[in-house]
Amino acid sequence: MRSTALSTLLIAATGLATAQTAANSRPPVIDIHVHTFGGFPAATPMCPFNPQFLAADPRVKADQIGWAKQDCTDQLDAPKTPDEYMKEVLAEYERLNVTAVVMGDEKSVMKWKEAAPAGRIIPGTSFDSGFMAGKYTPVEAMRQAFTTGGFKVMGEVGLQYQGISPSDPAVDAYFALAEELDIPVGIHMGTGGSGRANISTPKFRGSMGNPLLLEEVLARHPKLRLWIMHAGYPMIDNLLTLLQANAYVYVDVAGLIWSYPLEEVHRYIQRIVEAGFEDRVMFGTDQMIWPKLMATSISVIEGATYLSPQQKRDILYNNAARFLRLGTAEKK
């Protein structure tokens with residue numbers, strides 16, 4: 001089953017790679033989840049759709065976050081420097097006609113925006129941009145970033161890496177600011193990589209990725225525009241419960257879309273769509289260090305047999321255009 005699905009995906013990815021290079025030759029895509037950071041200079045290649053997440057022995061030091069080492073024909077390579085990474089990703093955006101929400105510290109995000117053609121980059125930053133360090137930017141500094149600094153999105157909010165609930169009163173002022181300024185918020189929930197708490201982020205708590213933890217912050221801020229990153233994987237039932245109760249909440253499929261077995265990726269997305277929430281699913285990559293990840297991720301949606309052509313276009317573009325208020329989305 002896996003080999004058949006992967007073969008289908010590779011055919012679709014090959015079609016993307018051979019597409020005409022003119023940006024307008026392809027329908028537009030919005031990637032709502034991109035990072036400026038990378039693992040430089042030790043960036044390593046990656047095989048998408050890892051088939052296994054292996055057990056480990058606490059007596060043996062692990063050198064990676066739970067992914068099985070594997071050989072693959074569709075290996076994604078990583079550039080050696082941040083500048084190379086930026087240039088290669090931006091070139092892919094031009095080739096594939098992608099507009100991206102790029103998130104990180106303010107300086108690096110603006111560097112990307114200045115390097116890209118006008119309108120290609122939507123700048124995002126968070127009060128915990130160095131979210132693994134647990135340090136917060138003052139609220140007034142965040143206000144300045146969104147009112148005069150040119151930033152349009154608050155994200156990625158990574159409270160789960162610190163073991164903190166998004167409804168914790170200690171961070172409520174930031175969500176209040178986003179509601180006041182009508183700034184969309186992207187919050188990490190769910191997947192963080194197999195073995196994350198054992199290897200690199202001891203404060204990470206899977207329980208803090210429960211989408212239902214958002215209920216109180218949404219109740220306090222009823223006009224907050226918020227999306228759940230990684231679609232809260234794997235907590236599908238809790239995710240659907242939250243979406244049913246809160247009509248303003250969207251999800252992205254970033255990270256999930258390439259870091260799990262392909263059949264599992266499709267099962268999760270299909271469950272959300274077939275539950276009736278197709279107009280709240282947004283495309284994303286969680287791009288970190290692999291420029292060709294964009295084509296691979298797009299091909300997952302384009303190759304999904306359970307999605308109609310219109311549903312594919314909605315996920316790849318229309319839903320995010322509506323959520324971000326970018327003007328009129330593609331006509332149905």
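The values are calculated or read from the model by the stated rules, or taken from the named source; none is laboratory data. Just so you know, these numbers come straight off a predicted model, no measurement behind them. Note that each Cβ is placed from the backbone with ideal geometry, even for glycine, and that neighbours are counted across all protein chains shown. Areas reflect the complete protein model, heavy atoms only, side chains present, ligands, DNA and RNA absent. Shrake-Rupley method; radii C 1.70, N 1.55, O 1.52, S 1.80 Å.
The table below lists the values:
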quantity: Per-q log10 I(q)/I(0), segment 184-293, q = 0.12, 0.14, 0.21 Å⁻¹ (Debye; single scatterer per alpha-carbon; no solvent); calculated: -0.41, -0.55, -1.19
quantity: Farthest positive-ward along the chain dipole, Cα basis, beta-carbon charges - from Pro309, Gly255, Asn319; calculated: Pro309
quantity: Average accessible area per residue (Å²) across the chain - probe 1.4 Å, nucleic acids and ligands excluded; calculated: 44 Å²
quantity: Surface share of carbon and sulfur [accessible, 1.4 angstrom probe, percent] for segment 162-257; calculated: 53 percent
quantity: Magnitude of the charge dipole, segment 121-253, Cβ model with Lys/Arg +1 and Asp/Glu -1, debye to 20; calculated: 260 debye
quantity: Burial ranking of peptide ranges 186-198, 250-262, 138-150 (average Cβ count within 10 Å, highest at the top); calculated: 250-262, 186-198, 138-150
quantity: Alpha-carbon gyration tensor eigenvalues x 5, square-rooted, for the chain, Å; calculated: 27, 24, 21
quantity: For segment 73-182, Kirkwood radius (reciprocal of mean inverse C-alpha pair distance, Å); calculated: 15.4 Å
quantity: Segment Ala247-Arg325, extension gain: residue separation times 0.36 nm, minus the distance between their alpha carbons; calculated: 26.5 nm
quantity: Shape box of segment 261-332 [Cα atoms, principal axes, largest first, Å]; calculated: 33, 29, 16
quantity: Full-extension gain in nm, Glu114 to Ser200, via 0.36 nm per residue minus C-alpha separation; calculated: 27.7 nm
quantity: Magnitude of the charge dipole, the chain, Cβ model with Lys/Arg +1 and Asp/Glu -1, debye to 20; calculated: 220 debye
quantity: Viscosity 1.567 mPa s, temperature 4 °C, Stokes-Einstein D of segment 136-221 from Kirkwood C-alpha radius, µm²/s; calculated: 95 µm²/s
quantity: Beta bridges per DSSP with both ends in the chain, % antiparallel, nearest 5; calculated: 10 percent
quantity: Portion, in percent, of the accessible area of segment 263-313 that falls on carbon or sulfur, probe 1.4 Å; calculated: 51 percent
quantity: Rg to Rh quotient for segment 116-263, alpha carbon positions, Kirkwood Rh; calculated: 0.96
quantity: Volume per residue of the C-alpha convex hull in segment 206-258, rounded to whole Å³; calculated: 70 Å³
quantity: Full-stretch length increase - Ala275, Gln75 - with 0.36 nm per residue and alpha-carbon distance subtracted; calculated: 68.6 nm
quantity: Separation in nanometres of the label points that stand 7 Å from Cα toward Cβ, at Leu54 and Arg267; calculated: 2.3 nm
